[in-house]
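> Quick one: this structure, given as structure tokens, is what I'll be asking you about.
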Amino acid sequence: MTKILVTGGTGYIGSHTVVELQNSGYEVVIVDNLSNSDIQVLDRIEKITGIRPVFENIDCTDFMAMTNFIEKHNDIKAIIHFAASKAVGESVENPLLYYSNNLFSLVHLLKLMQNFKISNLVFSSSCTVYGQPDELPVTESAPIKPALSPYGNTKQIGEEIIRDTIYANPDMKSIILRYFNPIGAHQTAEIGELPNGIPNNLLPFVTQTAAGLRKELKVFGDDYDTPDGSCIRDYINVVDLAKAHVIAVQRLLDKHVRDVETFNLGTGRGLSVLEIIKTFEEVTGVKVPYKIVDRREGDIEKVWANPVYANNVLGWKSAETVEDTLRSAWAWEQKLQMNRKNSQN
Ligand code: UD1
């Protein structure tokens, strides 16, 4: 079996990717410091796939611990690097946390790849690198705009670090995946998004409000230059997103990548915040109380992907409808509430 190291493999996108990798016959080893995830995710992955991935609680910025781990697993053929901090607001308050977590871990990982002759890297990047694009839908060749947050900057700098390293090391290859807005949960409702405290992202806030955990959702602005005035994003199903990682890894292993390739992972369709709320209410039959408040600082007005390059080169396309994706997010939230109640009794 081909062994893949997944950093951040117990996190939201990481856990869904581990499931897809195992279902496709890869052997997965995970490192994660559990800073934004739960160890029980391993039980859930095992429940879905029948296989418990190897796991060690390691912070990717800890070079010695990572070295020891990779020495033990000296047959790793590729790395998928998810482990990173991702809260935009927190990154503005604590930039050094973001620069150290996100960039030290990447630099260390690339050094380890050199030291242990691991050739293949898949990197989690973000549509945030485009800022507010001049043209929509946005293609991979659109200019990179100055980052609006230290978080966004770590993704831009991370991409540059990878490119420089790959160009200097002809044996190393990488696929950079720029995610649009991942939402939803696994169809089994065993794994999904587990936000720490008050959610920053839209969907967990929607589902927690629908579940009665939050009084109302704040819609950040209705005076944008969009049809209904609220911001527009490209919401991509997390399982679809996970599947793209399996394809990317196989493409690297098949030696189809010359040096670095970069792909947008989105649906190609933009939806407004108000459309998301309305569709969620329609498919679940549950009301989401909301009120319009001021714009959130740093928000982009509208962005959605041109996914044609990924469609053509990776042979990957988002498959789930937004309706089914919202249903899966709701099923996951309900399961979380049920588990919470059971643990209180
Ligand atoms: C942001 C980052 C993205 C990052 C992601 C991870 C930017 C431009 N985007 O995505 O790179 O990967 O966070 O956390 O920096 N909204 C509300 N009410 C809420 C929450 C959100 O109205 O309570 C709205 C926002 O204004 C936005 C949309 O919902 O229009 C999506 O917001 P969110 O889920 O936070 O994602 P982004 O800001 O798009």
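The values are calculated or read from the model by the stated rules, or taken from the named source; none is laboratory data. Just so we're clear, the structure is a prediction, and the values are computed from it rather than from any experiment. Positions of Cβ are backbone-derived with ideal geometry, glycine not excepted, and every protein chain shown enters the neighbour counts.
> For GLN337, indicate whether it is in a helix (DSSP H, G or I) and modelled with pLDDT under 95.
Judged against the criteria, GLN337 is a match.
> Could you please find all residues in the range 262-287 being crowded, with 19+ Cβ neighbours inside 10 Å and part of a loop (DSSP other than H, G, I, E, B)?
Across the range 262-287, the qualifying residues are GLY266, THR267, GLY270.
> Checking the structure you have, find out if any residue of the range 248-269 is charged (D, E, K, R), more than 30 Å from LEU121 (Cα to Cα) and touching a helix residue (DSSP H, G or I) at 6+ places or on another chain (Cβ under 6 Å).
Kept after step one, since they are charged (D, E, K, R), are these residues of the range 248-269: 251, 254-255, 258-259, 261, 269.
Cutting the leftovers down to more than 30 Å from LEU121 (Cα to Cα) gives us none.
No, the range 248-269 has no match at all.
> For the range 160-207, give me the residue count where each residue is of a type in the set (S, T, N, Q) and crowded, with 16+ Cβ neighbours inside 10 Å. Can you show your working first?
First, the residues of the range 160-207 that are of a type in the set (S, T, N, Q): 165, 169, 174, 181, 187-188, 196, 200-201, 207.
Still in the running and crowded, with 16+ Cβ neighbours inside 10 Å: 165, 174, 181, 201, 207.
Looking only at that region, the number is 5.
> Another question, then. So for the range 86-94 (the condition being within 16 Å of the ligand (Cβ to nearest atom) and among the acidic types (Asp, Glu)), does at least one residue qualify?
As a first pass, look at the range 86-94 and keep what is within 16 Å of the ligand (Cβ to nearest atom): 86-94.
Imposing the further condition that a residue be among the acidic types (Asp, Glu) reduces the set to 90, 93.
Within the range 86-94, one or more residues are within 16 Å of the ligand (Cβ to nearest atom) and among the acidic types (Asp, Glu).
> In the range 234-261, what residues are surrounded by fewer than 24 Cβ atoms within 10 Å (Cβ to Cβ) and in a strand (DSSP E or B)?
VAL260, GLU261
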